[in-house]
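Notes follow once the structure below has been shown.
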């Protein structure tokens, strides 16, 4: 069986990290599927999805890493073409990836003790985001 749901949320942009684990768990609880996989996919080219220990020290470390790896203050061809100043956001999102697959058993995500599913919004402004949650299994 396959069940597809959506999670809608607002973000602040600028590497805003949002813990969406409770929403994913809620969708799973309502799906009527006991075992399988959950695919979490963010629609949009300036955000990504991953897992992390969602605590201030580590979220700050992740944000700092993106500043070092893909700086905002260098020229991007995307910015020259479109003038929207978010070329770095697109590059960061492509490196992180738009989706994540998590197995589940007995309607419980198979996450580690300190592991949460997070959306990272890299855009240079606040956004409304749609996260697609597709649950497959039996």
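Which of the residues that make up the stretch 86-95 are in contact with a strand residue (DSSP E or B) (Cβ under 9 Å, 6 or more places away or on another chain) and either surrounded by 19 or more Cβ atoms within 10 Å (Cβ to Cβ) or within 13 Å of residue 123 (Cα to Cα) (or both)?
Within the stretch 86-95, 89, 92, 93, 94 meet the criteria.
Restricting to the stretch 113-122, name every residue that is out of contact with any strand residue (DSSP E or B) (no Cβ under 7 Å at 6 or more places or on another chain) and either surrounded by 16 or more Cβ atoms within 10 Å (Cβ to Cβ) or without any contact (Cβ under 8 Å) to a residue 12 or more places away in the chain (or both).
First pass over the stretch 113-122, keeping only residues out of contact with any strand residue (DSSP E or B) (no Cβ under 7 Å at 6 or more places or on another chain): 113-114.
Within the stretch 113-122, just 113 meets the criteria.
Counting residues that are farther than 15 Å from residue 126 by Cα, which strands (runs of 3 or more DSSP E) fully inside the stretch 1-50 reach at least 2? Steps first, answer last, please.
Working: elements: 2-11, 16-19, 36-43.
Output list reads 2-11, 36-43.
Of all residues in the stretch 91-121, which are in a helix (DSSP H, G or I) and out of contact with any helix residue (DSSP H, G or I) (no Cβ under 6 Å at 6 or more places or on another chain)? Steps first, please.
Applying the first criterion (in a helix (DSSP H, G or I)) to the stretch 91-121 yields 91-96.
91, 93, 94, 95, 96 - these are the residues of the stretch 91-121 that are in a helix (DSSP H, G or I) and out of contact with any helix residue (DSSP H, G or I) (no Cβ under 6 Å at 6 or more places or on another chain).
Taking the residues in the stretch 123-138 that are touching a strand residue (DSSP E or B) at 6+ places or on another chain (Cβ under 9 Å) and either at pLDDT below 95 or in a loop (DSSP other than H, G, I, E, B) (or both) as candidates, determine which candidate is nearest to residue 35 (Cα to Cα).
Out of the qualifying residues, it is 138.
For residue 64, state whether it is exposed (fewer than 14 other Cβ atoms within 10 Å of the Cβ) and in contact with a strand residue (DSSP E or B) (Cβ under 8 Å, 6 or more places away or on another chain). Let's see the steps before the verdict.
On the way: exposed (fewer than 14 other Cβ atoms within 10 Å of the Cβ): yes; in contact with a strand residue (DSSP E or B) (Cβ under 8 Å, 6 or more places away or on another chain): no.
When the stated conditions are applied, residue 64 does not pass them.
From 43, 47, grab the single residue that is surrounded by fewer than 14 Cβ atoms within 10 Å (Cβ to Cβ), under 18 Å from residue 99 (Cα atoms) and touching a strand residue (DSSP E or B) at 6+ places or on another chain (Cβ under 9 Å).
Numbers: 47 fails: surrounded by fewer than 14 Cβ atoms within 10 Å (Cβ to Cβ).
Result of the check over 43, 47: 43.
Does at least one position in the stretch 58-68 carry a residue that is in contact with a helix residue (DSSP H, G or I) (Cβ under 9 Å, 6 or more places away or on another chain) and either part of a loop (DSSP other than H, G, I, E, B) or at pLDDT 95 or above (or both)?
Within the stretch 58-68, the first condition is being in contact with a helix residue (DSSP H, G or I) (Cβ under 9 Å, 6 or more places away or on another chain), and the residues that meet it are 66.
With either part of a loop (DSSP other than H, G, I, E, B) or at pLDDT 95 or above (or both) added as a condition, the list becomes 66.
For the stretch 58-68, residues in contact with a helix residue (DSSP H, G or I) (Cβ under 9 Å, 6 or more places away or on another chain) and either part of a loop (DSSP other than H, G, I, E, B) or at pLDDT 95 or above (or both): present.
The values are calculated or read from the model by the stated rules, or taken from the named source; none is laboratory data. Owing to the predicted nature of the structure, the values given are computational and were not obtained by experimental measurement. Note: ideal-geometry Cβ built from the backbone for every residue, glycine included; neighbour counts use all protein chains shown.
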